[in-house]
Every structure is written in C-alpha cells, then in structure tokens.
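Chemist: Mind looking over this structure? Questions follow.
The values are calculated or read from the model by the stated rules, or taken from the named source; none is laboratory data. All figures in this text were calculated on a predicted structure; none of them were measured in a lab. No Cβ is skipped: glycine too gets one built from the backbone with ideal geometry, and neighbour counts run over all protein chains shown. Heavy atoms of the whole protein, side chains included, go into the accessibility calculation; ligands, DNA and RNA do not. Shrake-Rupley method; radii C 1.70, N 1.55, O 1.52, S 1.80 Å.
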Amino acid sequence: MTVISSSTSTTAESASTSSQNGLMANYELFLSILTTQIQNQDPLDPIDSAEYTSQLVQYSNVEQSIQQNKNLESIIASLESNQSMSYVSYIGNEITADASSTLLSGSAASWGYELQEDASGSFEIRNSSGDLVYSGEVELKAGSGTFNWAGQTDTGGDAADGVYSISFDLRDANSRPEKVTTAVSGIVDSVDWSSGSAVLSVDGRSVPVSSVLSVSSPS
C-alpha cells in the first residue's frame with residue numbers, strides 16, 4: 001500500500017513581514033515627527049531638509065531590501081516544496097542506501113547489518129549533529145541481522161525522535177578487525193515527512209532519503 005504522510009508548520013508571519021511591519025511603524029512615526037517639525041520651524045531659520053531627504057532615502061533602501069527578502073523566502077519555500085514532492089517518485093522503485101543512519105521513532109530504532117564472521121567489540125550511536133548519544137559493548141553473529149535500540153542515552157535518559165547513525169568497532173575470534181556492512185536494498189513503499197525531513201520506508205525499515213546511494217526500477 002502506498003502511503004504519503006507529511007507535516008506542515010505555519011507561523012503567524014515571516015521574519016521579513018515582521019521586519020516590514022516594524023519598519024512601516026517607524027516610518028510613519030518619522031513622517032509624523034518630520035511634519036510636526038516643518039509646521040513649527042522658525043521661518044527665519046528653516047531646518048536643513050537635506051538630512052530629512054537622506055533619511056527618507058535610507059528608509060526606502062531598507063524597505064526594498066525587505067521586499068527582496070520576502071521574494072527570496074517565497075522562492076525558497078517553492079523549491080523546498082518541489083523537492084519534497086520529488087521524493088514521491090521513489091515509491092515503487094528499488095533503492096540501495098547506507099543503513100548506518102536510521103530514524104528513532106517511539107523509542108524504537110533498528111539497523112540492518114551483514115557480517116562475515118562472528119565478532120565482538122563496541123558500538124557508538126550519534127545524533128544528526130554528530131554528538132555521541134549512546135555506546136556500549138556488543139557481540140554479533142555472522143550473516144545478516146538487526147541491531148535494535150530503544151532510544152536510551154548514556155546518561156540514562158530518552159533520546160529525542162530523529163535520525164541517528166551507528167558505527168561499530170569489532171574484531172573476530174583471532175582479534176582481526178571485522179567490517180560491518182550496513183547497506184540495505186529494497187522497494188520503497190512510503191515517504192514520511194513527519195520528522196521534518198523525508199524518510200523512506202523500505203520493507204518496513206526507515207531510511208533517511210539522505211542515505212540513498214542509488215535508485216532503480218524494480219527487477
């Protein structure tokens with residue numbers, strides 16, 4: 001079943017709109033003060049108008065810059081929307097992805113792996129910023145398997161939902177380094193934006209779109 005879910009965040013006004021509102025309030029105050037001073041100036045010693053003209057020009061330049069920012073915000077929003085919808089084309093296609101990164105959701109995350117020999121050693125789980133969240137010792141059997149994480153942290157707390165990566169430092173029975181392969185392949189059956197970035201569901205496994213290495217038509 002094809003599933004497409006998304007989340008959309010809205011704000012009362014953009015930063016540029018807020019800036020423009022503040023500018024217009026100050027602009028109207030400036031004009032009010034200017035008008036009052038002109039009305040009450042000494043006819044025999046008039047106020048220098050060059051300074052007022054300079055300030056009016058500065059206000060105009062700032063207003064134009066804010067308008068340009070609003071236009072850029074609109075363009076960026078449109079590009080982000082188009083990019084998000086382009087991920088829909090992944091549905092029904094086969095992908096190969098680096099499965100070292102996965103999505104933690106509801107205190108559950110898992111990584112698929114393949115190993116040539118039984119091995120033991122340590123692992124580290126890091127968040128999207130590269131900060132170490134959880135680590136420990138592990139023993140893995142040769143072949144294909146799944147490493148599960150319940151979202152706990154080294155400090156005993158619960159990690160926030162999001163994308164996390166895992167790395168292993170393992171050695172076999174002869175103390176030789178053993179590489180853990182975390183690449184995953186499969187058919188994409190859904191796209192989810194609820195985490196704030198596109199996450200693909202591949203045979204029940206969550207795969208961040210940023211981890212995709214290749215896309216092809218199913219064989």
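Chemist: Quick one: which residues, 5+ away or cross-chain, put their amide H under 5 Å from the amide H of Val133? H built at 1.01 Å from N.
Modeler: Under 5 Å from the amide H of Val133: Ile125, Arg126, Asn127.
Chemist: Just the accessible area for Ser86, please: 1.4 Å probe, Å², rounded to the nearest 10?
Modeler: 60 Å²
Chemist: Starting from the Cα gyration tensor of region 178-219, multiply each eigenvalue by 5, take the square root, and state the resulting semi-axes largest first in whole Å.
Modeler: Largest first, region 178-219 gives 19, 15, 9 Å.
Chemist: Suppose R0 equals 22 Å. What FRET efficiency, 1/(1 + (r/R0)^6) with r the Cβ-Cβ distance, do Ile187 and Ser86 give to the nearest 0.05? Could the numbers behind the result be given before it?
Modeler: On the way: r = 18 Å, r/R0 = 0.82.
With a Förster radius of 22 Å, E is 0.75.
Chemist: Using the charge dipole of region 110-219 (Lys, Arg: +1 at Cβ; Asp, Glu: -1 at Cβ; taken about the Cα centre), state which of Ser214, Gly145, Phe123 has its Cα farthest towards the positive end.
Modeler: Final value for the positive-end residue is Ser214.
Chemist: In addition: Find how much the distance from Val138 to Ser107 grows on full extension, using 0.36 nm per residue of separation minus their present alpha carbon separation; answer in nm with one decimal.
Modeler: Computed gain between Val138 and Ser107 is 9.2 nm.
Chemist: Could you do me a favour and compute the accessible area per residue for region 127-199, 1.4 Å probe, result in Å²?
Modeler: Dividing the accessible area of region 127-199 by its residue count gives 57 Å².
Chemist: For Lys141, tell me the accessible area in Å² from a 1.4 Å probe, rounded to the nearest 10.
Modeler: Counting only protein heavy atoms, Lys141 exposes about 140 Å² to solvent.
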